[in-house]
Amino acid sequence: MRQYALVQVDVFTDRALKGNPLAVVLDGRNLRDDEMQAIALEMNHSETTFILPVTRPECAARARIFTPRRELPFAGHPTLGTAWVLATRSLLPPGTTRFLLEENIGPVPVELEGDPTRPSFVWMHHGEPTFGDEVSDRVGMAKALGLTEAHLVPKVPIQSVSTGNPFMFVPLRNAATVDRAALDVAALRDCLGDGGGLGIFVFATPGPGKVYSRMFAPHTSGIPEDPATGSASGPLGAYLVRYGLVAAGADVKILSEQGVKMGRASHVHIRLDAAGGLATNIRVGGGVVEVLVGELRLP
């Protein structure tokens, strides 16, 4: 039997059994692509990562990221969770607090806070945001969420934004409406056509610098709902700044609370610089808690 050490962590939380769970295989060498995909399906988390030797000399480690359905070029909570596991398993040079994690999108900058061997907090840097076309069929999008147009924030667009992974952002009037939303994939495809292949990120802004959010992706990654979506939180910050939903300035701080409806409360911290509606220096961070250590056995 082939044996592979495995660590499971909860990300964007300081409490076990909250946040977003992640399985990390410490040494993915000698695993075929189809085996990695099958393991991710077996784990049945939103993502599973596999640590591998680097192909870029500037990077400290390499991670491949799989959902139960497909491989991703980049993702948020897998980046933070994998970085934390690398630090706590002495898989980084001693004293490392900043490094590049190689992902399929390229090098992703990571920063560790606290003890480098047991970080209290992990940050990842996002690329510059890109904004897609606005959705013109607001009635259709509301219907796809089991809502009406009156539940949408008026004069704020429904729009895709990406800092590595694109998501469709839908601003809703309040947290109760966010909790009420339920994605109808067929209605979504009727509304968006070929553009219906994005995760749908719904949110409200209950107070200054605060966001209440959910993300649905059953049609893209086999994830009915994600407890915390780090790769969506960078573009979320850029969206909020662009449309004046948070105040611009240097070192803007935003807290996105996600996963509450699922019983997996997650606290996603977003920091960025903003001027003239443009977000730069976007960082997303959170805590990580170890919950399981095991051994994967394959023939």
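All of the numbers you see were taken from the coordinates with simple rules; none came from a lab. Keep in mind the model is a prediction, meaning the values are calculated, not measured. Using ideal geometry, Cβ is built from the backbone for each residue, glycine included, and neighbour counts are taken over all protein chains shown.
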Between the residues VAL178, GLY222, TYR243, the Cα farthest towards the positive end of the dipole of the chain, that dipole coming from +1 and -1 charges on the beta-carbon of Lys, Arg, Asp and Glu, is from VAL178
re the range 53-131: pairs of Cα atoms spaced beyond 20 Å account for a percent value of 29
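In what order do VAL108, VAL11 fall by count of nearby beta-carbon atoms within 10 Å, going from fewest to most? Walk me through the numbers before you get to the answer.
Details: VAL108 23, VAL11 29.
Listed from fewest to most nearby Cβ atoms, that is VAL108, VAL11.
Counting other C-beta atoms within 10 Å, and keeping those with at most 13, which DSSP coil GluC sites (Glu not before Pro) do you find in the range 1-104? All intermediate terms of the calculation are to be shown ahead of the outcome.
Working: sites: GLU35, GLU42, GLU47, GLU58, GLU71, GLU102, GLU103; in loops: GLU47, GLU58.
Here the sparse-neighbourhood loop sites are GLU58.
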Expected unfolding gain across GLN3-ASP190 under the 0.36 nm per residue rule, minus the alpha-carbon gap, is 62.7 nm
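Among 202-213, 246-257, what's the highest-first ranking by average C-beta atoms within 10 angstrom per residue?
Details: 202-213: 18.8, 246-257: 16.2.
For the peptides 202-213, 246-257, the packing ranking is 202-213, 246-257.
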Length-normalised contact order of the range 130-281, Cα under 8 Å, at least 6 apart, in percent, tallies to 18
In nanometres, the difference between 0.36 nm per residue of separation and the alpha-carbon distance of ASP27 and GLU42 is 3.7 nm
When ILE51, ILE105 are ranked with the fewest other C-beta atoms within 10 Å first, the list becomes ILE105, ILE51
In degrees rounded to 10, the 0-90 angle between helix 230-242 Cα long axis and the longest Cα principal axis of the chain is 30
Residue by residue through the range 70-84, the couplings from Karplus 6.51 cos²θ - 1.76 cosθ + 1.60 with θ = phi - 60°, in Hz, x for Gly and Pro, are 7, 8, 10, x, 6, 7, x, 5, x, 5, 5, x, 5, 4, 5
Compactness summary of the chain: radius of gyration and Dmax from Cα atoms, Å, are 18.6, 59
Measuring from its Cα centre, the range 130-281 shows a charge dipole (+1 at each Lys and Arg Cβ, -1 at each Asp and Glu Cβ) which, in debye to the nearest 20, is 380
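Fewest Cβ neighbours within 10 Å first, please rank ASP184, ASP194 accordingly. Numbers along the way, then the final one.
Working: ASP184 13, ASP194 6.
Ranking ASP184, ASP194 by Cβ neighbours within 10 Å, fewest first, gives ASP194, ASP184.
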Averaged over all viewing directions, the convex hull of the alpha carbons in the range 105-217 casts a projected area in nm² of 8.9
Expressed in angstrom, Rg and Dmax over the Cα atoms of the range 172-299 are 16.4, 57
Only helices counted: for the chain, with every DSSP H run of 4 or more residues adding -39500 (n - 2.57) and the sum spread over all residues, [θ] at 222 nm is -5500 deg cm²/dmol
Long-range amide H partners of ALA265, meaning residues 5 or more apart or on another chain whose placed amide H is closer than 5 Å, are GLY19
When the charge dipole of the chain is computed with +1 on Lys and Arg Cβ and -1 on Asp and Glu Cβ about the Cα centre, the Cα farthest towards its positive end, among THR82, CYS59, VAL211, belongs to VAL211
Helix 33-43 sits off the longest principal axis of the Cα atoms of the chain, rounded to the nearest 10 on a 0 to 90 degree scale, by 70
Applied in sequence order to the range 282-295, the curve 6.51 cos²θ - 1.76 cosθ + 1.60 (Karplus, θ = phi - 60°) yields integer Hz couplings, x standing for Gly and Pro, of 7, 10, 10, x, x, x, 9, 10, 7, 10, 7, 10, x, 9
Contact order relative to length for the chain, counting C-alpha pairs under 8 Å separated by 6 or more residues, stands in percent at 22
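So for the range 134-173, Kirkwood radius off the Cα pairs, Stokes-Einstein at 20 °C and 1.002 mPa s: how many µm² s⁻¹?
On the way: Rh = 10.5 Å.
For these conditions, the coefficient is 204 µm²/s.
For the range 20-81, run through the trypsin sites (Lys or Arg not before Pro) and keep only the ones in DSSP coil with at most 11 other Cβ atoms within 10 Å of their Cβ.
Numbers: sites: ARG29, ARG32, ARG62, ARG64, ARG69, ARG70; in loops: ARG29, ARG32, ARG69, ARG70.
For trypsin sites (Lys or Arg not before Pro) across the range 20-81 that sit outside H, G, I, E and B with at most 11 neighbouring Cβ atoms in 10 Å, the list reads ARG29, ARG32.
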The long-range amide H neighbours of LEU72, using H built 1.01 Å from N in the peptide plane and a cut-off of under 5 Å, are ILE65, PHE66, THR67
